[in-house]
Amino acid sequence: MKQNLWSFIVAVGGLVLLFAAVPVGSSTHDFYKGKTIRFVVGFGPGGGYDLSARAVGRHMSKYIPGNPTIVVENMTGAGSLIAANHTYNIAKPDGLFVGIWNSAYVLRQALGDKAVRFDARKLGWIGAPTKGIPFCAVMGHTGLTSLKDITAAKRELKMGSTAPGSAYEDIPQIMNRTLGTKFKVVSGYDGTGTILLAMQRKEVDGGCWTWESAKTTARAMLDAKGDEKLIPFLIHSREPEPEVKDLPLLPEVIKGEDNLSAYRTWSGTYEFLRPFSVPPGTPKERLQLLRKAFADTLKDREFLAEAEKSKWAVTYVSGEEIEKYVDKVLSITSRARELLDFLMVTK
């Protein structure tokens with residue numbers, strides 16, 4: 001009897017040691033083997049969102065146990081709001097779907113935009129590859145070369161846009177409201193690439209988006225001459241490149257403390273540009289695994305060499321940092337909300 005009892009104890013002890021030897025979360029590590037992760041980008045090919053997603057996708061798989069295949073798809077429409085709503089409401093929360101869309105829609109949620117059908121606090125934020133630097137530019141065919149020229153101009157200037165909630169749409173409206181400019185926003189383009197083509201075809205006169213995108217995707221136009229030249233005239237912060245280093249700064253030209261406070265609230269979503277997110281309910285261990293893989297990718301030598309070659313400034317923002325930024329944006333003051341309500345008006 002004692003011998004049988006001792007054999008039972010030894011057997012149980014062996015099982016305990018066996019299970020202890022199995023790595024915690026091994027099921028998560030095994031999950032991705034043979035699988036495909038979809039990176040779904042809310043804008044069309046050729047723009048900053050698309051290019052950054054593809055660059056990350058080319059390198060991130062090697063940092064995910066099981067080395068899954070990563071494919072990039074474009075789900076255009078409403079300035080990436082279709083992709084954002086899809087990420088939250090339709091995509092399966094299985095760790096195989098990653099949405100990449102305009103973080104400015106977090107502010108639209110704070111402003112009560114009914115078209116925004118998500119709660120940013122409930123999304124799983126993986127991280128962001130950069131911070132945004134809003135800027136504005138016009139084409140040489142306008143005959144204008146500076147903010148002073150533009151504010152003095154008596155004619156309307158058409159600015160290309162994707163949809164409300166983007167820098168393309170919001171900055172011209174903010175400038176009209178605070179500086180007295182006469183911009184007319186032309187919405188409906190599916191991304192930076194099509195807006196740049198519209199500028200070259202003289203369908204629009206310029207646009208406002210982000211400098212880190214423009215200095216890569218619009219390099220040929222920045223280097224052009226005459227009517228084909230893209231001319232920056234305003235930027236969010238001081239940057240070293242010759243095209244923008246001496247430009248007036250948005251926070252300095254906006255007058256009035258309330259207006260400036262509202263602008264700073266608006267620009268808060270550019271602290272995490274082109275963020276990668278997963279649907280609510282995605283298993284936490286898979287989110288953590290993707291967060292680590294994303295962070296490791298943005299330190300990868302080959303990835304950084306590719307980014308440098310493309311003149312793309314990589315500024316890693318962690319998922320945990322994004323959660324804090326999201327909470328700050330959604331805690332908008334009533335006064336800032338009142339001042340930014342004009343952005344909600346559909347033209």
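The values are calculated or read from the model by the stated rules, or taken from the named source; none is laboratory data. Since we're looking at a predicted model, the values are computed, not measured. Cβ coordinates were reconstructed from backbone atoms using ideal geometry, including for glycine residues, and neighbour counts include every protein chain displayed. We work out accessible area using only protein heavy atoms, side chains counted, and drop any ligands, DNA or RNA first. Shrake-Rupley method; radii C 1.70, N 1.55, O 1.52, S 1.80 Å.
Points worth noting:
- The range 201-211, subset over 12 Å from Cys136 (Cα atoms) and in contact with a helix residue (DSSP H, G or I) (Cβ under 7 Å, 6 or more places away or on another chain), residue most open to solvent (accessible area, probe 1.4 Å): Lys202
- From Asn67, Asn89, residue being more than 17 Å from Tyr32 (Cβ to Cβ) and of a type outside the set (Phe, Trp, Tyr): Asn89
- Output for the range 175-200, where each listed residue is more than 20 Å from Leu111 (Cβ to Cβ), open to solvent by less than 10 Å² (accessible area, probe 1.4 Å) and part of a helix (DSSP H, G or I): Ile195, Ala198, Met199
- Residues (in contact (Cβ under 8 Å) with a residue 40 or more places away in the chain and either touching an Asp or Glu at 6+ places or on another chain (Cβ under 9 Å) or in a helix (DSSP H, G or I) (or both)) located in the range 162-174: Thr162, Ala163, Pro164, Gly165, Ala167, Tyr168, Glu169, Asp170, Ile171, Gln173, Ile174
- Residue match in the range 243-261 (condition: of a type in the set (Lys, Arg), more than 24 Å from the chain's Cα centre (by Cα) and open to solvent by 50 Å² or more (accessible area, probe 1.4 Å)): yes
- Complete set of residues in the range 122-132 that are buried (at least 23 other Cβ atoms within 10 Å of the Cβ) and not small (Gly, Ala, Ser): Leu123, Trp125, Ile126, Pro129, Thr130
- Filtered by the rule that a residue be touching a residue at least 60 places away in the same chain (Cβ under 8 Å) and part of a strand (DSSP E or B), the range 122-161 gives Gly124, Trp125, Ile126, Gly127, Ala128, Thr130, Pro134, Phe135, Cys136, Ala137, Val138, Met139.
- Where Asp50 falls short, out of the listed (1) surrounded by 14 or more Cβ atoms within 10 Å (Cβ to Cβ); (2) under 23 Å from the mean Cα position of the chain (by Cα); (3) modelled with pLDDT of 95 or more: (3)
- Scanning the range 175-208 for residues being among the small types (Gly, Ala, Ser) and in contact (Cβ under 8 Å) with a residue 40 or more places away in the chain gives a total of 5.
- Selection status of Thr162, hydroxyl-bearing (Ser, Thr, Tyr) and surrounded by fewer than 24 Cβ atoms within 10 Å (Cβ to Cβ): no
- For the range 305-333, the tally of residues that are modelled with pLDDT of 95 or more and open to solvent by 70 Å² or more (accessible area, probe 1.4 Å) stands at 6.
Here's the yes/no breakdown for (1) farther than 20 Å from Thr181 by Cβ; (2) in contact (Cβ under 8 Å) with a residue 60 or more places away in the chain:
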residue: Lys245; (1), (2): yes, no
residue: Ser261; (1), (2): yes, yes
residue: Ser267; (1), (2): no, yes
residue: Leu287; (1), (2): yes, yes
residue: Lys299; (1), (2): yes, no
residue: Leu304; (1), (2): yes, no
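- Number of the exception - Thr315 against (1) assigned to a loop (DSSP other than H, G, I, E, B); (2) over 27 Å from Gly46 (Cβ atoms); (3) of a type in the set (Val, Ile, Thr): (2)
- Filtered by the rule that a residue be of a type in the set (S, T, N, Q) and either without any contact (Cβ under 8 Å) to a residue 12 or more places away in the chain or under 14 Å from Lys131 (Cα atoms) (or both), the range 306-316 gives a lone residue, Thr315.
- Looking across the range 116-171, the residues that are acidic (Asp, Glu) and modelled with pLDDT of 95 or more come down to Asp119, Asp149, Glu156.
Residue-wise test of (1) in contact with a strand residue (DSSP E or B) (Cβ under 7 Å, 6 or more places away or on another chain); (2) in a loop (DSSP other than H, G, I, E, B); (3) within 26 Å of Ala313 (Cβ to Cβ).
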| position | (1), (2), (3) |
| --- | --- |
| Ala55 | no, no, yes |
| His59 | no, no, yes |
| Lys62 | no, no, yes |
| Gly66 | no, yes, no |
| Ser80 | no, no, yes |
| Ala84 | yes, no, yes |
| Tyr88 | no, no, no |
| Ala91 | yes, yes, no |
